[in-house]
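Trainee: The following block contains the structure, expressed as structure tokens.
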Amino acid sequence: MECPNQTAPNEFILSGFPCTEDLKAPLILFFSIMFTLTLCGNSLVILAVITNLQLHKPMYWFLCHLSVLDMAFSAVVVPKVTAGFNQQEKVISFSGCISQVFFLNSVGCTECFLYTVMAYDRFLAICKPLHYGNLMSSKACLLLSLGTIIGGTLHSTLLTSLTFHLPYGENNYIDYIFCDVPSILKLACVDVHFQETVIIVDMGFVTITCFLLILASYTYIITTILKISSSEGRQRAFSTCSAHLTVVVIYYLPLFSRYLRPASQDVMESVVCVFYTTITPLLNPLIYTLRNKEMKAALLKLWSGNPE
């Protein structure tokens with residue numbers, strides 16, 4: 001594709017949600033409520049863990065990390081999407097689009113790494129209980145958390161650089177709800193086969209590798225649980241993993257749906273986008289609270305004003 005004017009546009013116009021002209025007010029209310037609940041729910045999880053000494057464990061340290069990422073992920077997308085319902089043209093500046101792409105991919109990839117680390121934590125706790133304290137020390141937890149952030153940042157830097165170092169012309173219409181790498185590449189004035197290949201390989205490698213590592217961890221975990229003689233012991237061991245397994249499934253289903261099939265701007269694509277950027281960050285604290293007795297007890301103590 002060649003463009004007569006190969007200068008970076010000052011802004012992009014987003015297509016927004018299809019067929020929603022008569023639903024502006026309900027959608028603004030929906031996204032505002034979801035964003036508020038996401039911030040409140042994840043903040044409560046962090047506060048409960050910080051104020052309760054019984055939750056000063058690696059699993060809950062990683063849960064706090066996940067809550068911060070969920071709030072950041074929602075904050076990158078939802079306010080801009082909500083504001084767009086009041087705009088005739090859903091405009092985002094060029095620099096704003098770069099920032100959105102960078103932080104979306106950085107936070108998303110960091111979450112992917114973090115889910116893998118959380119699976120490794122559960123593997124050590126159940127399969128290597130005698131060595132758990134040494135292998136998952138405070139220093140190890142900090143290094144693992146920093147590693148996920150560094151990995152996510154490097155991944156996002158690569159994707160963002162490949163995307164926005166391309167020449168763009170006058171066509172600044174992004175056929176998607178927010179700034180998204182596959183949709184932006186369609187606007188480039190040059191052949192983007194190399195960039196698309198690198199991005200697909202990179203994202204595919206990260207996603208599939210993390211998924212396989214999680215799968216391997218839970219294969220060992222389930223094998224170990226089945227060897228426990230008492231049904232009470234098996235149930236207790238599995239209960240420590242069920243919440244993480246649930247959020248992993250919720251994370252990977254829309255991810256595979258969006259990036260491992262051809263992109264299309266239809267109603268189902270919009271539903272997947274809403275689920276991934278709006279519903280998932282809210283569901284994670286709910287799942288960990290409802291399926292974890294220690295978290296429920298900590299939140300009840302926090303609510304009663306007696307966290308200790």
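Trainee: Going by the conditions given, is ASP180 of a type outside the set (Val, Ile, Thr) and open to solvent by 40 Å² or more (accessible area, probe 1.4 Å)?
Mentor: Numbers: of a type outside the set (Val, Ile, Thr): yes; open to solvent by 40 Å² or more (accessible area, probe 1.4 Å): no.
No.
Trainee: ALA48 passes all but one of (1) open to solvent by less than 20 Å² (accessible area, probe 1.4 Å); (2) closer than 23 Å to PHE275 by Cα; (3) not hydroxyl-bearing (Ser, Thr, Tyr); which number fails?
Mentor: Looking at each condition in turn, ALA48 falls short on (2).
Trainee: Here is a further query. Return a yes/no flag: does the stretch 121-138 have any residue that is out of contact with any helix residue (DSSP H, G or I) (no Cβ under 6 Å at 6 or more places or on another chain) and within 30 Å of LYS80 (Cα to Cα). Spell out the reasoning first.
Mentor: Filtering the stretch 121-138 down to residues out of contact with any helix residue (DSSP H, G or I) (no Cβ under 6 Å at 6 or more places or on another chain) leaves 128-131, 133-134, 137-138.
Filter once more, keeping what is within 30 Å of LYS80 (Cα to Cα): none.
No, that holds for no residue.
Trainee: Something else about it: Select from the stretch 99-132 the residues that are open to solvent by 50 Å² or more (accessible area, probe 1.4 Å) and out of contact with any Cys (no Cβ under 7 Å at 6 or more places or on another chain) and list them in ascending order. First the steps, then the outcome.
Mentor: Quick first cut of the stretch 99-132, residues open to solvent by 50 Å² or more (accessible area, probe 1.4 Å) only: 99, 102-103, 113, 120, 128-131.
Selection gives SER99, PHE102, PHE103, TYR120, LYS128, PRO129, LEU130, HIS131.
Trainee: Okay, next question. Among the residues of the stretch 56-68, write down those that are out of contact with any Leu (no Cβ under 7 Å at 6 or more places or on another chain) and part of a helix (DSSP H, G or I). Walk me through how you get there before you give the answer.
Mentor: Looking only at the stretch 56-68, we keep the residues that are out of contact with any Leu (no Cβ under 7 Å at 6 or more places or on another chain), and these are 56-61, 63-64, 67-68.
Hits for the stretch 56-68 are PRO58, MET59, TYR60, TRP61, LEU63, CYS64, SER67, VAL68.
Trainee: Another one. If you check every pair at least six apart or on different chains, which have Cβ atoms under 6 Å apart with a residue in the stretch 228-257 that is in contact (Cβ under 8 Å) with a residue 12 or more places away in the chain first and a residue that is among the basic types (Lys, Arg) and surrounded by 15 or more Cβ atoms within 10 Å (Cβ to Cβ) second?
Mentor: CYS241/ARG122; SER242/ARG291; ALA243/ARG291
Trainee: Report the residue count in the stretch 195-214 for those that are open to solvent by 30 Å² or more (accessible area, probe 1.4 Å) and closer than 10 Å to THR116 by Cβ.
Mentor: Taking the stretch 195-214 as the starting set, the residues that turn out to be open to solvent by 30 Å² or more (accessible area, probe 1.4 Å) are 196-198, 200-203, 205, 208-209, 211-213.
Subset that is closer than 10 Å to THR116 by Cβ: 209, 211-213.
Residues in the stretch 195-214 being open to solvent by 30 Å² or more (accessible area, probe 1.4 Å) and closer than 10 Å to THR116 by Cβ: 4 in total.
Trainee: Considering each residue of the stretch 69-92, count those that are over 21 Å from the mean Cα position of the chain (by Cα) and either closer than 23 Å to TYR115 by Cα or assigned to a loop (DSSP other than H, G, I, E, B) (or both), and give that number. Spell out the reasoning first.
Mentor: The initial filter retains those residues of the stretch 69-92 that are over 21 Å from the mean Cα position of the chain (by Cα), namely 83-92.
This time we only want the ones that are either closer than 23 Å to TYR115 by Cα or assigned to a loop (DSSP other than H, G, I, E, B) (or both), so: 85-89.
Total meeting the criteria: 5.
Residues are listed down the side, and each one gets a yes or a no for (1) touching a strand residue (DSSP E or B) at 6+ places or on another chain (Cβ under 6 Å); (2) modelled with pLDDT of 90 or more; (3) under 30 Å from ASP22 (Cα atoms):
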{"site": "ASN52", "(1), (2), (3)": "no, no, no"}
{"site": "SER67", "(1), (2), (3)": "no, yes, no"}
{"site": "ALA75", "(1), (2), (3)": "no, yes, yes"}
{"site": "PHE103", "(1), (2), (3)": "no, yes, no"}
{"site": "PHE113", "(1), (2), (3)": "no, yes, no"}
{"site": "MET118", "(1), (2), (3)": "no, yes, no"}
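Trainee: Have a look at PHE35, PHE62, PHE17, PHE12 and point out the one that is buried (at least 19 other Cβ atoms within 10 Å of the Cβ), under 30 Å from LEU185 (Cβ atoms) and modelled with pLDDT of 90 or more.
Mentor: Values: PHE62 fails: under 30 Å from LEU185 (Cβ atoms); PHE17 fails: modelled with pLDDT of 90 or more; PHE12 fails: modelled with pLDDT of 90 or more.
Only one candidate passes the filter, namely PHE35.
The values are calculated or read from the model by the stated rules, or taken from the named source; none is laboratory data. The shown structure was predicted, so the numbers you read here are calculated from the model rather than taken from an experiment. Ideal geometry is used to build each Cβ from the backbone, glycine not excepted, and the neighbour counts take in all protein chains shown. Please note that ligands, DNA and RNA were not included when accessible areas were found on the heavy atoms of the full protein model with its side chains. Shrake-Rupley method; radii C 1.70, N 1.55, O 1.52, S 1.80 Å.
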